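The values are calculated or read from the model by the stated rules, or taken from the named source; none is laboratory data. Only a predicted model underlies this, so the values are computations on that prediction, with no experimental measurement involved. So basically every Cβ, Gly included, is an ideal-geometry build from the backbone, and we count neighbours across all protein chains shown. Surface accessibility is based on the protein's heavy atoms, side chains included, excluding ligands, DNA and RNA. Shrake-Rupley method; radii C 1.70, N 1.55, O 1.52, S 1.80 Å.
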Amino acid sequence: MVLTFVLVFGHVARASAHDIGDFVGRYSGSAEVLMSDGTKDQRDLSIVIAETYKGFQVQWSTVTEKEDGRRSEKSYAVEFIPSDRSGIYAAAMQRNVFGHEVQKDPMKGQPYVWARLTGDTLTVFSMFIHHNGDYEMQQYDRRLTENGLSLVFNTHRNGQPIRRIETELLRQ
């Protein structure tokens, strides 16, 4: 009876817990973004999550098409490596003089980035310290869905929300 309980419980626990391999893939979609002046911007979004030798990499791109036909594209890529804490990953965004991956320095205006994997959600956090000492936090929650990823993006400046984007990204 105890063995049956352990087997059933272990199966249920695995069904709700994910590893980074479950997120690996290409995803794309679009989102409508409410701008500070009240206008709306349509953005095309794409994300690639890939395993690396030491961890995983998240690449994401945003394309905005202007009314005059111009296109603005922003792309980012961050490699993450496991930390000493379960489910938390450090960004390996640059190499030090010894060739080891290290975090960037937020006191120099560079983003401090880390990731967290809890259940079916991979979250990437970015913290920026502005020249005047204000801080900005960005949070990308990417939750596994039947067809891909649910993306919820939030930006806060000095603790106050300034932008939220929600969309569904389809696995390619």
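Please label the shape of the stretch 25-172 as rounded, prolate or oblate, based on the square roots a ≥ b ≥ c of the eigenvalues of the alpha-carbon gyration tensor (a/c under 1.5 means rounded; beyond that, a/b larger than b/c means prolate, else oblate).
oblate
Put a plus charge on the Cβ of each Lys and Arg, a minus charge on the Cβ of each Asp and Glu, and nothing anywhere else: the dipole of the stretch 102-155 about its Cα centre is then about 140 debye.
How large, in percent, is the carbon and sulfur part of the accessible surface of the stretch 19-159 at a probe radius of 1.4 Å?
Exposed carbon and sulfur together represent 46 percent of the surface.
Run through the stretch 15-64 and list the trypsin sites (Lys or Arg not before Pro) located in a DSSP loop whose Cβ has at most 14 other Cβ atoms within 10 Å. Spell out each step's value before the answer.
Working: sites: Arg26, Lys40, Arg43, Lys54; in loops: Lys54.
For trypsin sites (Lys or Arg not before Pro) across the stretch 15-64 that sit outside H, G, I, E and B with at most 14 neighbouring Cβ atoms in 10 Å, the list reads Lys54.
With a cut-off of 14 Å between beta carbons, the residues surrounding Gln160 carry a summed charge of +1, where Lys and Arg count +1 and Asp and Glu -1.
How would Tyr27, Tyr135, Tyr89 rank on accessible area, largest to smallest, probe 1.4 Å?
So the residues, ranked largest to smallest area, are Tyr135, Tyr89, Tyr27.
Taking +1 at the Cβ of each Lys and Arg and -1 at the Cβ of each Asp and Glu, which of Phe153, Met137, Ala91 sits farthest along the dipole of the stretch 29-172 towards its positive end, judged by Cα position relative to the Cα centre? Of Phe153, Met137, Ala91, it is Ala91. Rounded, prolate or oblate: which fits the stretch 100-149 when a ≥ b ≥ c are the square roots of the eigenvalues of the alpha-carbon gyration tensor, with rounded for a/c under 1.5 and prolate only if a/b beats b/c? Since a/c reaches 1.5 and a/b is larger than b/c, the shape of the stretch 100-149 is classed as prolate.
Counting only heavy atoms of the protein chains and using a 1.4 Å probe, Asp37 has close to 110 Å² of accessible surface.
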